[in-house]
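The values are calculated or read from the model by the stated rules, or taken from the named source; none is laboratory data. All of these numbers come straight from a predicted model, not from anything done at the bench. Glycine also receives a Cβ, built like all others from the backbone with ideal geometry; neighbour counts cover every protein chain displayed.
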Amino acid sequence: MTDAAVPALSEAAAALDRWQARGRLPRLDELPIPADVRPGPGWTQQMTEMADHIGAYTTLCIVARYGGTQVYIGRDPARSPFAEVVDAATAAAIADIYGGNRLLVPVGRVAIARARRAVVLAAVRAKRISGADAAKVLGTSRTYLSHLLNETDEGCAMEPAAAVSRFPRQGDLFALLTDPRCDRRA
């Protein structure tokens, strides 16, 4: 799966909507990897090299699924060990680059957490989720969340995901004010 074929941001919004329907906030490890992720802090040299060939999103998907394991990459893309995660074109690119070798897939725990965390931070900056709820999702203190928001640029380049609400059946009052069907001045 090349970066041109990554799922739309609506996948992250749909995942958050599923948690809203359950009436609970997601954990950080339940959040999907954002489609517009870029290499940065926490990325190993091997992960950056893989991202140059197959894209950052696909690299993180492989690392999230197979991190810490050693896999044999055959020359036949049809027998790719990453078939569950990548499409045929990406499997062919991986076979062309790494074919005939064993690949130790990096764990990449920090890179994955930062990528998932960026969506939540972007949602806080866009006022789509409260700071208290974001701290619960991230599993951190409000003080550290404030540090991330005020002292780092993490999540600034990301599009925010959908609002996460603990009260899924409560409608948005301000959506009614902007809805043209509810305009009483007409």
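Yes/no per residue for (1) modelled with pLDDT under 85; (2) of a type in the set (A, V, I, L, M, F, W, C); (3) surrounded by 18 or more Cβ atoms within 10 Å (Cβ to Cβ):
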{"site": "ARG22", "(1), (2), (3)": "yes, no, no"}
{"site": "GLY42", "(1), (2), (3)": "no, no, no"}
{"site": "GLN45", "(1), (2), (3)": "no, no, no"}
{"site": "THR58", "(1), (2), (3)": "no, no, yes"}
{"site": "ALA92", "(1), (2), (3)": "no, yes, no"}
{"site": "ASP96", "(1), (2), (3)": "no, no, no"}
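Residues in the stretch 73-89: is at least one exposed (fewer than 15 other Cβ atoms within 10 Å of the Cβ) and of a type in the set (Ser, Thr, Tyr)? No, the stretch 73-89 contains no residue that is exposed (fewer than 15 other Cβ atoms within 10 Å of the Cβ) and of a type in the set (Ser, Thr, Tyr).
Scanning the stretch 119-143 for residues that are touching a Leu at 6+ places or on another chain (Cβ under 8 Å) and either in a helix (DSSP H, G or I) or surrounded by 20 or more Cβ atoms within 10 Å (Cβ to Cβ) (or both) gives VAL119, VAL120, LEU121, VAL124, ARG125, GLY131, ASP133, ALA134, ALA135, LYS136, VAL137, LEU138. Select from the stretch 98-118 the residues that are among the β-branched types (Val, Ile, Thr) and surrounded by fewer than 19 Cβ atoms within 10 Å (Cβ to Cβ) and write down the one among them that is nearest to GLN46 (Cα to Cα). Among them, the one singled out is VAL107.
Within the stretch 128-143, being free of Cβ contacts under 8 Å to residues at least 60 places away in the same chain and of a type outside the set (Gly, Ala, Ser) holds for ARG128, ILE129, THR140, ARG142, THR143.
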